[in-house]
1. To one decimal place, what Kirkwood hydrodynamic radius in Å is obtained for chain B from all pairs of distinct Cα atoms?
2. Under a point-charge model restricted to the Cβ atoms of Lys and Arg (+1) and Asp and Glu (-1), what is the dipole moment magnitude of the range A:7-128 relative to its Cα centre, in debye to the nearest 20?
3. Please give me the summed charge of the neighbours of A:Leu217: other residues whose Cβ is under 14 Å from its Cβ, Lys and Arg +1, Asp and Glu -1.
4. Determine the calculated [θ] at 222 nm for the protein assembly as shown from helices alone, applying -39500 (n - 2.57) to every DSSP H run no shorter than 4 residues and normalising by the residue count; nearest 500 deg cm²/dmol.
5. For B:Lys319, give me every one of the lysines with a C-alpha distance below 23 angstrom, ignoring sequence neighbours fewer than eight places off in its own chain.
6. How high is the relative contact order of chain B, given as a whole-number percent (alpha carbon pairs under 8 Å, six or more residues apart)?
7. With θ set to phi - 60°, apply the Karplus curve 6.51 cos²θ - 1.76 cosθ + 1.60 along the range B:91-101 and write out the HN-Hα couplings as whole Hz, x wherever there is a Gly or Pro.
8. Under 5 Å between amide hydrogens, which residues at least 5 positions from B:Gly11 or on another chain qualify, with H placed 1.01 Å from N in the peptide plane?
Amino acid sequence: MIARLHFNKHLLETPFYPRTAPLNKHSEWGAWSGHLSATGFGDTEMEYTAIRNGASVYDLCPMVKYRITGPDAVAYLDRLTVRNVAKLTPGGVHYTVWCDDAGKVLDDGTLFRHGPQDFLLCCQERHLPWLTDATLGFEVAVEEITETIAALSLQGPCTASVLSAAGWDVSSLRPFRMTKVPFDGTTLTISRTGFTGDLGYELWIGPAHALALWDHLFTAGAPWGIRPIGSDALNMARIEAGFLIAGMDFIPAEQALREDRVRSPFELGLDWLIDWNKDHFNGRRALIRERESRASQWSLVGLDIAGNVSAEGSLIYHAKQKEVGYITAALWSPTTKRNLAIAHLKRPYAAAKSDNLWVEIYALRELQYVKLMVPARITPRPFFTPARRRATPPGRF
Amino acid sequence: MPSSDVIVIGGGPNGLAAATRLAQSGRRVTLVEAQPQVGGGAATTEFHTGYRTSALAHILQGPDARVASAMKLDAHGLRLSTPLTTAVPGIDPLTMQGTFGKVSGLAATDLAAWSELQERLTRFARLLAPMRQMTPPRPAAKAGNDLWNLGKLGLSLRSMGKVEFRELLRMLLINVADVLEDDLTDDRLMGLLAFDATLGAWAGPRSPNSLIVYLNRIAAGETLTLPMGGMGSVAAAMRKAAEAAGVTVLTGSPVDRIDMAADIVIGVTLANGENFAAGAVLSAICPRRTLETLVGPRYLDTGFIRRARAIKSRGGAAKLHLALTGAPHFPAADLTWRIVLAPSVNAVENAFNPVKYGEVPDAPVMEITFPTAHDPSLAPSGHHVLSAVVQFAPHAPKDRDAARAQMLQNTLNVLETAAPGLRPLIAHAEILMPYDIEDRFGMSGGSWHHGDLAVEQMLFLRPFAGVSQYNTPIPGLWLGGAGSHPGGGISGAAGWNAATQLLQGAKP
C-alpha cells in the first residue's frame, strides 16, 4: 500500500511550484481545488496587460480533470452532458454543461476528444460520484486524473509567436482544436483554448516534464515579455470575455442549500448548448417541461453600468424600487473602457421590462461607504471578442 | 406486429387485476408473463410427486374488495375455506379468530386489556384502510392529490376525538413490542401478535415502526382463508376473469426490454425477439428490474437510477413445504387451523437478530397451515402437506447452501418439539430461502413486497419518491406491482390503483 500523506499539507503544490513560488514576490496565494494557486505575482494590472497585449502564463494544474474511455464513451457523454458529443471529432474541444435530474446545472467544463473512445473532461468542481453512477449501463471507465497532468494556459496576442519561437508551429491550429508535439522525450498536447477570450493556447504534459516546459516557454517567450499571471488578472479577462465560473456565477446544483439558488441552462443563457435532437440526456425531460411551460425564473445577462465604480456583488432594482436581480462578477474594463457586470435578473426584467434598471453600488471611499444608485442597461456578451481570437493562421505580433 | 392499447408485464395478482381493470374500461390489453403459468407468488406447485401446495403465499388475507367484486372470483371458480382459527398450541393452548379477532384461553386481566387494545388497533387499521385504495398523495404543490378522499380521511381521523387521535399519533411510528408490553402480560398472545406484526417484514418486533406494518396488514383484510386447490386457484380464477374481460394472456413470454421511440413507450420486445406494440406499458414486476433492466439507464436520469437502485429489498421469510405420510399431532390444535409457533416477543426478536448479520436463527418462528386438511386432493389419501412461513431467514448469507441446510434443520427441530413424532412422517422436505424465492419468483432480495414494506418505503415513498403515483418520468410507462403502494400480498390493490391512474391519464 502506498502511504497517502497528502493530508499533512493543507494545500498541495502544483508541479510548477518550484518556478512560481520564487516569482510570487508578495506571496499572493489562494486555494483552488486543494492546491496552492497564485492570485497574483505582484502587479495585477501588468499581468492583465500581458493577457491583452503580450503573452501570459497561468498555472492550470488544479483544474479538475476526468478521463473517460471505452466503447460507450460517446454514448455516455451524450447522456451526461447537454451538447452533442458525437459531433465533436477527435482532436476537438467543446464547452458544455451537465445537469441533474431537475435540469439544474451541476457544472460547466470543456470536453477534449483525444481519440474515438478517449475523452478528457475539465471542470471546476469534483463530480466523481455522479460521473461514476452515470456509468451504469455503459461500457466506459471514468478516472480522475487531475494530478497526473500538468497544464499551463498561455494567453495573449503574442502567444502564437511564442510557440513558434519555442519550435512548435501552430499556425494551422484552429480554435477548439488540439495538436500533439514531441517535447522532452514525451508528448506535449497543445489546444487552442483558453479562458480569456483572446488568442491563446493550453499546454498539457506529464508532471515530470512540467519544469522543462516552463523553462523552455519562458526562454522562448522572453522577447514578448512573457510573464506569469494570477487568478485576479485572469478574472478580469474572463469577465470581459463573458465566461462563467461555477461557484462564483452560479451555484452547482449539488451544492445549493436553498432551493431557489439552482439554475437551469435557460437561466444561465446556456440553452444554446442543448441538442434536443439527440437521445436522452440527464435532465432532458425536466428541461423540456421548463421550455414548454416557460417556467424559467431567471436570465443571465451582461450589464453596462454608468460610471466607473465596479459593481461587484451589487443588487439590481427596477425603477429604483423593486429588487430584480444581483451581480456575480463585475469590473471596470480596461480594454473596452466600460463598467461591466455579469448579472442574474428575474424574468421578465431581462427582456420585456429591461428598461429602467438600476444598480445599487456601495463605493468605499477612504474608509467610508457611499451608496450609489446608477443606471444600467443590458449589453451582449462577450463584452470583448477580438478578431485575433479566431483568426487562423493567428496574427504574428 | 401485434398491437394493443396497454401491455401489462407480469401475471401475478397485481398484473391480472390491472389488466382486468383496463380491459373492463374498454382498453385492448395484452398481459405477458415469463413463467409457463400466471400467478407469480400466487401459485400451486407439486413439490414432491403426488403432493401439491401453495408455492409461496399460502393464506389469503384480502383480496382487495374492488378486485374481488369486479373480477367475480367466486363465479370464476375460486373456492375458499371457512375463515381460519389461529392457534398457539401447547399444554395451555390459545386460539384467536381471524387475524385479530376473539381470543380464548386468556386470564381475565389480559382479556380486558386485549379487548381494549384490539378495539383500538382495529379502529386505527379501519381508518387507514381507505388509503390502500388511494393513489398516495404527494407532499408538493400542484401535485394533483385526491383532495376529496384525503379530506374524508382527515375528517374520519378527527371524528375519533382528541384522545384517540393523540393515541394514533403516539402509536403510528412505534414498535409493536412496546405496545404489547405496555398492555399485556401473556407471552403466548404477545408472541403471536409480535409474529403477525412482523410477518413478511424485514423487522423484528423491537424494530422501529413495526406497528404500522401490522396496521397495514390488518387493513388489507380481517379474515384469513385458504383457497381450495392452493393459491394457484386464485391465479386461475383471476386469469379467467381477465380473459372474460378481453385480456390476451401470453404465458412463457419473458420480456427482454421496454421499447421507446422519441422518449415515449411504444411497446415491448420479448426474450425471443418478438415485438408487441402498445401506447402504454404497465409493469407489475419489481420496480427496480423494470427500470434498471427493461428500460435501462440510458433512458433515465442518473439521480433517478440511484433512487431505484437504493430500494431496500430484503426478504426475511423462508417457505417450508413438507410431504407427510400421515397426520402430525400438535397438542390441542386442529390441522384446519393456522398454527403459530412464536412463544414470546423475545422469541420473535431473537429469531430476527441473526438475520441482521446474514446468519440463521437457532429457533425460527413460524406460521403453519395444512392445506390438505381443507382440500385432501392436494396429497395422496391420508397423507398431508405442511406449508409454513418461517422467519427469519437471511437474504444474503455467506454460504447459501449451508444456510439453507441449517435453516431446514433448525426449523424441523422447532417443529419436532411442538409436534413430537412429526419427523418420521416426512417423505420430502423443501425450504425456499429468500434467494430461492428471488430466483424462482423474480422478487428482488426475496421480498414478497418487491421492496421492504417499511415506513420509509410507504405511501409517497413507495417504491421511491417521484414514482409513487404509479406513473414514471417516461410517458406511457406505469408501475403497478407490489413495489408500489400499498405493497404485496394476494390483493391486487396496487395493480388496481395503477390501472385507475392510467385510465385517468395522469401526466408524469
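1. Hydrodynamic radius (Kirkwood, Cα pairs) of chain B is 23.1 Å.
2. Result for the range A:7-128 is approximately 260 debye, rounded to the nearest 20.
3. Result for the local shell: -2.
4. Helix contribution divided over all residues of the protein assembly as shown: -7500 deg cm²/dmol.
5. Candidates past the 8-residue exclusion: B:Lys356, B:Lys398.
6. This gives 25 percent for chain B.
7. Working through the residues one at a time gives 5, 10, x, 9, 10, 9, 7, x, 6, 7, x Hz.
8. When sequence neighbours closer than 5 places are left aside, the close amide H contacts are B:Ala34, B:Gly39.
The values are calculated or read from the model by the stated rules, or taken from the named source; none is laboratory data. Just so it is clear, the structure is predicted and the values come from calculations on it, not from any experiment. In this analysis, Cβ positions are derived from the backbone assuming ideal geometry, glycine residues included, and neighbour counts consider all displayed protein chains. For the accessible areas, the whole protein counts, side chains as well, though only heavy atoms, and no ligand, DNA or RNA atoms are used. Shrake-Rupley method; radii C 1.70, N 1.55, O 1.52, S 1.80 Å.
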